[in-house]
Amino acid sequence: MKRELSDILYWQQQVAYYRDENAYKKLYFHFYSSLHRFAVAFIGDPEISEELVSDVMIRIWMMKEKLSNINRLDLYLFKCVRNAALAHINEKKSIIVQNTDEEHFDQMGYCHADAEINAKEISHRIESVVRRLPPQSQLVFRLIKDEGLSYKEVQSVMGISNNTIKTHIRIALKRIRMALEDVSGQRSNKQKIK
C-alpha cells in the first residue's frame, strides 16, 4: 500500500509540475476502473459513468500546480465523481442502480462458504443481494468492500456519519448472510433427498 501511495504521489507531482503525459496516463489507468464502478453504482449507466469519470480525470490535468496540494488523490477523485454523478442525477431526476461487472465481483474473494457450495453461485447470490440494497447502502458497501476504503474515508467521500456507515454495512451483511444461509439450506436439502 505504501508503495502504491508513493507511486500515486510521484505521478501526481509529475503531472502538476512537469505536465508529464506518461504520469497522467498512469494516474488515469490506476484510478479509472474503481471510479467507473463507483459512478455506475450511483447512476446505473456504464456509458454515462465513463463520460463522468473521463471529465473528472480531464479536470485533474487542467489543475496544473494545484494538483500538488491534494493530500489523498483517491478520496478527492471519489468525491469529484460523486458530485458529478449527483449533478447528473439532478439533471435526469432518476436513479437506476444496475449490475457492475460480475467477473469483477467473482475476483473480489467474498466467498467464505463450505467447499461443497459452488463459488460462482455464491458470488452471483451476493451480487444479486448487493444490487437490491438501497442505493446508499450499496455505495457504502462497494466503497468499503470493493475499493478497500476505511469508514473514515467513506465518511469523507459520502458526507455521512460513521454510525450511518455502520448501519449500511450491517444491513448489507445481514442480507448477504441470509442469502448464503438460503443457499446452504437448499444445498443440504438436496443432499438429504438423494
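What follows draws every value from the coordinates through simple rules; no lab data is involved. Just so you know, these numbers come straight off a predicted model, no measurement behind them. Every residue, glycine among them, receives a Cβ derived from its backbone with ideal geometry; neighbour counts consider all protein chains shown.
What to note about this one:
- Applying 1/(1 + (r/R0)^6) with r as the Cβ-Cβ distance of residue 59 and residue 131 and R0 = 25 angstrom yields a FRET efficiency of 0.25.
- Here the Karplus curve 6.51 cos²θ - 1.76 cosθ + 1.60, taken at θ = phi - 60°, turns the phi angles of region 80-90 into couplings of 4, 5, 4, 5, 5, 5, 5, 4, 5, 4, 4 Hz, with x standing for Gly and Pro.
- Cα→Cβ-extended label distance, 7 Å offset, between residue 68 and residue 18, nm: 1.2 nm
- Overall form of region 2-92 per C-alpha gyration tensor (a/c, 1.5; a/b vs b/c): prolate
- Rounded to whole Hz, the Karplus (6.51, -1.76, 1.60) HN-Hα couplings of region 52-68, x for glycine and proline: 4, 5, 4, 4, 4, 5, 5, 4, 4, 4, 6, 5, 6, 5, 4, 4, 5
- Loop-resident sites, region 1-74, for trypsin sites (Lys or Arg not before Pro), counting at most 16 other Cβ within 10 Å (DSSP): 19, 72
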